[in-house]
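Below is one structure, written out as structure tokens; the observations come after it.
The values are calculated or read from the model by the stated rules, or taken from the named source; none is laboratory data. All figures in this text were calculated on a predicted structure; none of them were measured in a lab. Because the Cβ atoms are built from the backbone with ideal geometry, glycine has one as well, and the counts that use them run over all protein chains shown. These accessible areas exclude ligands, DNA and RNA; they are computed on the full protein's heavy atoms, side chains included. Shrake-Rupley method; radii C 1.70, N 1.55, O 1.52, S 1.80 Å.
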Amino acid sequence: MTFNPDADVSDNKVQRRGGGRTAAIAGGGVVGLGAVVVLLISAFTGVDLSGLLGGGTGTQAQPQATTSSEGYVKNCKTGADANKDVDCRVASTKLALNQYWTKHVKGYVEPGQVSVDVATATPCGTASNDVGPFYCPSDQTVYIDPTFFQVLKQQFGAEAGDLAQVYVVAHEYGHHIQNITGTMSKYPNNGTGPTSNGVRTELQADCYAGAFIADLTDQKDKNGVAYFKKPTEAQITDALNAAAAVGDDHIQQQSAGYTNPESWTHGSSAQREKWFASGYKYGLGKCDTFAVATP
Ligand SMILES: [Zn+2]
């Protein structure tokens with residue numbers, strides 16, 4: 001339980017897009033097979049998750065059509081609802097994120113947020129659980145299938161509790177900040193490896209997520225009730241574990257039995273934990289992953 005049960009999260013409007021595995025496949029013909037294969041690399045984990053999901057027929061991947069026609073998550077009015085339901089939790093987390101970043105970035109504009117129902121087309125390729133959560137710079141939108149957290153839990157060995165889920169959403173918002181503040185264009189993708197711009201970009205998003213989580217209780221609803229309760233030590237440890245679980249070395253060790261640092265796109269477990277902790281302990285001022293020789 002992460003949210004304050006009394007918090008008002010009724011302004012949780014997100015787009016729900018997709019519409020089940022069959023519809024997604026039928027509608028997905030615009031993307032060639034080659035493109036699909038390339039795009040099945042998660043922006044969050046840097047790994048192809050398509051083989052891990054058993055075709056989406058497992059009980060863990062049941063999509064829940066939970067949005068109203070106006071786009072609000074159904075039965076998602078209070079923090080208590082967000083504590084119960086993952087769709088509500090992901091949609092509500094954005095309220096606190098937008099408030100936080102409005103305070104810290106002049107001229108902040110909210111990103112779009114799409115709750116992916118199995119699969120949907122985006123300007124950055126198909127969004128689905130196979131790909132994992134990602135931020136698409138060209139339409140400034142965060143795409144998350146809330147069932148991804150089951151994948152995190154089952155395939156990456158992270159407990160992926162409520163706060164770890166907040167970390168994942170906050171990481172994607174971190175990329176939005178990098179986009180609107182010019183960091184992405186200043187440090188374009190220059191390949192892979194532990195000191196590449198790509199890895200530094202990912203680690204900075206982890207750092208931003210850590211800084212946000214450190215200030216979690218400062219973000220309040222219109223009645224002055226904090227959206228979140230103060231995280232416990234156990235929850236912080238769980239979020240750190242989630243950061244470590246999606247480290248490139250951990251994923252490579254798990255899938256191939258060895259690690260190849262030169263191919264890293266997101267950073268090692270130690271790097272991801274380190275930068276999450278840097279943001280958490282010292283704030284946004286200690287998130288310049290581009291200023292250090294070895295991030
Ligand atoms: Zn990322």
Determine the pairs where a residue that is within 16 Å of ASN197 (Cβ to Cβ), located within the range 271-295, has a partner that is open to solvent by less than 70 Å² (accessible area, probe 1.4 Å) and of a type in the set (Phe, Trp, Tyr) with Cβ atoms under 8 Å apart, the partner being 6 or more residues away or on another chain. CYS287/TYR208; CYS287/TRP275; THR289/TRP275; PHE290/TYR187; PRO295/TRP275
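Residues of the range 192-204 being of a type in the set (Ser, Thr, Tyr) and more than 11 Å from the ligand (Cβ to nearest atom), which ones?
Scanning the range 192-204 gives THR192, THR195, SER196.
Taking the range 170-208 as the region of interest, how many residues are of a type in the set (A, V, I, L, M) and open to solvent by 20 Å² or more (accessible area, probe 1.4 Å)? Quick ask: steps written out before the conclusion?
Within the range 170-208, the first condition is being of a type in the set (A, V, I, L, M), and the residues that meet it are 170, 177, 180, 184, 199, 203, 205.
Of the ones still in play, those that are also open to solvent by 20 Å² or more (accessible area, probe 1.4 Å) are 180, 184.
Result for the range 170-208: 2.
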ILE144 - would you say it is within 16 Å of the ligand (Cβ to nearest atom), of a type in the set (A, V, I, L, M, F, W, C) and open to solvent by 10 Å² or more (accessible area, probe 1.4 Å)? no
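Tally time: how many residues in the range 267-295 are in a loop (DSSP other than H, G, I, E, B) and within 20 Å of THR237 (Cα to Cα)?
Step one: filter the range 267-295 for residues in a loop (DSSP other than H, G, I, E, B), giving 267-268, 283, 287-295.
Filter again for within 20 Å of THR237 (Cα to Cα), leaving 267-268, 283, 287.
Final tally of qualifying residues: 4.
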Has the range 214-236 got at least one residue that is more than 16 Å from the ligand (Cβ to nearest atom), aromatic (Phe, Trp, Tyr) and either within 21 Å of the chain's Cα centre (by Cα) or in a helix (DSSP H, G or I) (or both)? yes
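Test CYS88 against the stated conditions and say whether it is at pLDDT 65 or above, part of a loop (DSSP other than H, G, I, E, B), in contact with a Cys (Cβ under 9 Å, 6 or more places away or on another chain) and open to solvent by less than 60 Å² (accessible area, probe 1.4 Å).
Numbers: at pLDDT 65 or above: yes; part of a loop (DSSP other than H, G, I, E, B): no; in contact with a Cys (Cβ under 9 Å, 6 or more places away or on another chain): yes; open to solvent by less than 60 Å² (accessible area, probe 1.4 Å): yes.
When the stated conditions are applied, CYS88 does not pass them.
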